[in-house]
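FYI, it's all coordinate maths here, none of it is from the lab. If you're wondering where the values come from, they're calculated on a predicted model, not measured in any experiment. When we count neighbours, we look across all protein chains shown, and the Cβ atoms used for this are built from the backbone with ideal geometry, even at glycine.
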Amino acid sequence: MTRAILPAWTDLDPALHARLGEVIDPERKVLAALERIVPLAGKRIADVGTGIGHYPMLLARRTGRTYGIESDPTLLDVARKRATSAHQPNLRIVEGGLEQLPLRDEAVDVVLCGLIEPNDASLPAIAELLRVLRPGGRLVIIGYYGRDEVASLLEPEVVAHASDATQRRTGWWLRHGFKIKVVHSRLDISDPAIAMELLPRLYGDRGRAFLMAPHPPFLTLKLGLFHLLKR
């Protein structure tokens, strides 16, 4: 599961990432929105910071070649085992990080990444993501858009930062040439046992307090696909 939409303290635990892949965006609206931004059939795609390979596993059947790139050894090992079990010949899981991606220049048509924060410190990493993208290709950053029910569980400064970065005229993303596609998704907490396991782990005291009161079976979650065409 893409890490930019999780609290910064979320463990790099494969079992947790697998569980989150089931409850965050269960209807796969992110992939549907991605398909509207750029048709995926036959494309070469790199998912940078793939974790346990959540998106590559979903994408492999519709793409020409999908690379899942991960730097954490534990997550990388699980992603490789999942890819082997999937028997998808066009799926590759490789080790690498944002500092130096294990792909040649202009190797892929689409780059996905959930590791980019909207601040100027991310510009070198964005340049590296663009390096492996062919001209006419699309860089798509998956991140938190805010203005949703999940915001009540987050630190106020996190919510304010997301709001500031996504302002339509003055936000960081638009100032750096990105377009914004908002995905109206949800966090599924309809299973009480899963909710009790995940919300305190993700959101601390706010998650515990939420569960102590009557609550709906899901929370609205707005994700942003911040996308940039490489000229």
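Go through segment 64-171 and name the GluC sites (Glu not before Pro) that are in a DSSP coil and have 11 or fewer other Cβ atoms within 10 Å of their Cβ.
Details: sites: Glu70, Glu95, Glu99, Glu106, Glu128, Glu149, Glu157; in loops: Glu99, Glu106.
Sites meeting the loop and neighbour criteria: Glu99.
State the extension gain, in nm to one decimal, for the chain segment bounded by Met212 and Arg61, taking 0.36 nm per residue of separation less the distance between their alpha-carbons.
Working: separation 151, 0.36 × 151 = 54.36 nm, distance 4.18 nm.
Gain on extension, Met212 to Arg61, equals 50.2 nm.
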Review point. For the chain, with the dipole built from +1 on Lys and Arg beta-carbon atoms and -1 on Asp and Glu ones, taken about the Cα centre, which of Val132, Val78, His184 lies farthest toward the positive end?
Key: Val132
Exercise for review: Normalising by the residue count of segment 1-138, find the relative contact order in percent from Cα pairs under 8 Å and 6+ residues apart.
Suggested key: 26
Check your understanding: Hey, any idea what Rg/Rh is for segment 40-130, computing Rh the Kirkwood way over Cα pairs?
Key -> 0.96
Practice item. Calculate, for Gln100 and Ile194, the FRET efficiency according to 1/(1 + (r/R0)^6) with r their C-beta to C-beta distance and R0 45 Å; round to the nearest 0.05. Key: 0.75
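Please get the size of the charge dipole for the chain, origin at its Cα centre, with Cβ charges of +1 on Lys and Arg and -1 on Asp and Glu, quoted in debye to the nearest 20. Numbers along the way, then the final one.
Values: 31 positive and 27 negative charges, 238 e Å.
That gives a dipole near 1140 debye.
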Point to revise | Within segment 62-118: Cβ-based charge dipole about Cα centre, in debye rounded to nearest 20 (Lys, Arg +1; Asp, Glu -1) | key: 440
Revision key, fill the gap. Between the modelled labels at Asp205 and Ser85 (7 Å from Cα along Cα→Cβ) the distance in nm is 3.9
Check your understanding: Where does each of His176, His87, His184, His17 land when they are ranked from fewest to most other beta-carbon atoms within 10 angstrom?
Key -> His87, His184, His176, His17
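To the nearest 20 Debye, how big is the dipole of segment 81-145 about its Cα centre, given +1 on the beta carbon of each Lys and Arg and -1 on that of each Asp and Glu?
380
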Review point. Using 7 Å Cα-to-Cβ label points, what is the Lys181/Arg28 separation (nm, one decimal)?
Key: 1.5
Review point. Which whole-Hz ³J(HN,Hα) couplings does segment 130-135 yield from phi under the Karplus relation 6.51 cos²θ - 1.76 cosθ + 1.60, θ = phi - 60°, glycine and proline marked x?
Key: 5, 4, 8, 9, 6, x
Exercise for review: For the chain, calculate the relative contact order in percent as a whole number, restricting contacts to Cα pairs under 8 Å that are 6 or more residues apart.
Suggested key: 22
Review point. How far is the Cα center of segment 1-58 from the Cα center of segment 122-193, in Å?
Key: 13
Check your understanding: In what sequence do Thr220, Thr84, Thr166 fall when counting other Cβ within 10 Å, fewest first?
Key -> Thr84, Thr220, Thr166
